[in-house]
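Structure first, then comments.
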Amino acid sequence: MKLSANLTMLFTERPLLERIVAAAAAGFDGVEIQFPYEIPALRLQDQLARAGMPLVLMNFPGGDFVTGGPGLAAVPERQAAFDLALQESLTYAAMVRPQLINVLPGRLAAGVAPEHAMATLVGNIRKAAEAFQTLGIGVVSEAINPIDMPGFLVNTPTHLQALLAQVGHGNFRAQLDIYHMARQGIDPVSAVETLAGQIGHVQFADCPGRGAPGSGDVNFVALRKALKEVGYQGWLGAEYRPEGDDTRASLDWMTAWRSVDQG
């Protein structure tokens with residue numbers, strides 16, 4: 001079992017670059033950062049090397065997505081901006097060497113028909129999958145629940161399945177976010193079964209609350225069993241909000257999971 005710490009949400013009691021060493025000391029095997037681009041690539045590369053930690057995942061540049069906008073990937077009028085972001089992220093990724101890059105579908109833009117948005121998204125993901133393949137970096141996309149994020153284009157495992165089929169590229173797989181499934185009432189085990197053989201990355205948090213495993217209702221024993229049964233051997237990314245200001249105090253789940261694996 002390979003565990004990565006999402007440093008956008010974990011160890012936020014420290015400056016971002018210091019979180020890499022903190023994650024290593026806490027027992028994680030790798031790290032992921034949603035949008036690392038504010039960090040000079042050489043500095044991030046150096047800190048990863050010092051800690052002996054791989055960068056498992058980063059997101060493709062999102063434009064105005066993080067401030068509530070539609071983003072870049074599914075907006076026809078933003079094609080030039082997407083293409084520029086692709087070149088910039090390729091340059092950045094060539095230095096920091098993430099294993100995966102997550103192209104967020106984004107929200108439906110005002111005045112854009114859903115089918116036009118999806119056609120744009122499919123073309124852009126295919127373009128990204130081809131480009132990042134030259135660096136040996138996989139491309140993934142995730143479904144996000146429409147309760148927390150109204151207007152997001154891809155919500156369910158079935159939506160992800162359809163997107164995978166439409167893109168049809170060997171360097172493109174599904175990123176399965178357990179919290180976003182549970183938040184909209186989808187059984188995470190069912191989601192794993194639906195996407196069996198097509199999962200490139202898994203992120204997790206409990207639900208409700210998006211806290212650490214054990215703080216909500218998700219059956220992580222059943223989830224991990226389901227992932228094993230479908231042959232998933234990739235990373236499990238911890239992307240939850242710890243209670244308080246000490247991430248290490250929230251890691252009882254890790255001790256339990258490691259104990260089961262070693263037993």
(message) With a cut-off of 8 Å between alpha carbons and a minimum separation of six or more residues, what is the relative contact order of the chain in percent?
(response) 18 percent
(message) Explain nothing, just the number: relative contact order of region 10-76, from Cα pairs under 8 Å at least 6 residues apart, as a whole percent.
(response) 29 percent
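Quick check: net charge around residue 20, other residues with Cβ under 13 Å of its Cβ, Lys/Arg +1 and Asp/Glu -1? Don't jump to the answer; show the numbers that get you there.
Values: positive: 14, 19, 43, 50; negative: 18, 29, 32, 46.
That sum, taken over residues with Cβ under 13 Å, equals 0.
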(request) Could you size up the charge dipole of the chain around its Cα centre, putting +1 on the beta carbon of Lys and Arg and -1 on that of Asp and Glu, and report it in debye to the nearest 20? (result) 440 debye
(message) Show log10 I(q)/I(0) for the chain at q = 0.08, 0.13, 0.15 Å⁻¹, two decimals, from a solvent-free Debye sum over equal Cα scatterers.
(response) -0.29, -0.82, -1.12
(request) Report the local net charge at residue 55: Lys and Arg +1, Asp and Glu -1, summed over other residues whose C-beta lies under 10 Å from its C-beta. (result) 0
(request) Please report how far the C-alpha centroid of region 128-170 lies from that of region 203-221, rounded to the nearest whole angstrom. (result) 23 Å
(message) If I take all pairs of Cα atoms in region 109-238, what percentage of them are more than 23 Å from each other?
(response) 34 percent
(request) For residue 2, list the lysines whose Cα falls under 23 Å from its own Cα; do not include residues on the same chain fewer than 8 positions away. (result) 225, 228
(request) Give me the compactness ratio for region 1-103, meaning the Cα radius of gyration over 2.2 N^0.38 Å. (result) 1.11
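When the helices in the chain are scored as -39500 (n - 2.57) per DSSP H run of 4 or longer and the sum is shared across all residues, what 222 nm value do you end up with, to the nearest 500 deg cm²/dmol? Don't skip to the answer; put the middle values down first.
Working: 9 runs with 105 residues, N = 263.
The helix contribution divided over the chain gives -12500 deg cm²/dmol.
Computed from the coordinates by the stated procedures, all read-outs in this text should not be read as laboratory data. Given the structure is predicted, the values throughout are model-derived calculations rather than measurements. Cβ: placed from backbone, ideal geometry, glycine included. Neighbour counts: every protein chain shown.
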